Amino acid sequence: MAKNKTDKPPPVAVAILDTHWLIREAIACWLKDRGGYEAVWKGGSQAELGEALESGLQVKLVLVAVAKDEDEGYLAVRWLRKEWPGLCCAAYAHRHDELTRLRVYRKGAQALLCEMVEQDAVLSALGTALAGGVF
């Protein structure tokens, strides 16, 4: 069966790891509204994400919340890069500084998103991560 020129590719399956359920929901809605992405898993702990991945969860990208003064998100990024190297990993922070950027990069995230990044830049960053680059 030939594809119609108007057929869109399926959305990229995304997992969102953030302890704040309201933020997870907002990001999931934003990604869906922009098209091209769908949050197929949302949760608050690395253990929950690990169980889901072990149970066969299929995602191409994991978005991980990081916080300036908390290690949880950074440890999750490092764990993802070590245990699930085939997954793209992007981090986001509501407040950040140069140390946050450096920590995220050293732990292995391919992108860092923050509140000051324009919407088009967010989509470009995710696309860059999915293509194997760093943003």
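The values are calculated or read from the model by the stated rules, or taken from the named source; none is laboratory data. Not measured: the values here are computed from a predicted model. Heads up, the Cβs are rebuilt from the backbone with ideal geometry, glycines too, and the neighbour counts pull from every protein chain shown. Ligands, DNA and RNA are excluded from the accessible area calculation, which covers all protein heavy atoms including side chains. Shrake-Rupley method; radii C 1.70, N 1.55, O 1.52, S 1.80 Å.
Probe 1.4 Å, all protein chains in place: accessible area of R24 in Å², nearest 10?
40
Output needed for the chain: three equivalent-ellipsoid semi-axes, defined as square roots of 5 times the C-alpha gyration tensor eigenvalues, in descending order, whole Å.
Equivalent-ellipsoid dimensions as semi-axes: 24, 17, 14 Å.
Among all lysine pairs in the chain that are eight or more places apart or on different chains, how many have alpha carbons less than 16 angstrom apart?
The result is 7.
Placing +1 on the Cβ of each Lys and Arg and -1 on the Cβ of each Asp and Glu in the chain, which of L57, L99, P9 has its Cα farthest towards the positive end of the resulting dipole?
With unit charges placed on the Cβ atoms, the residue in question is P9.
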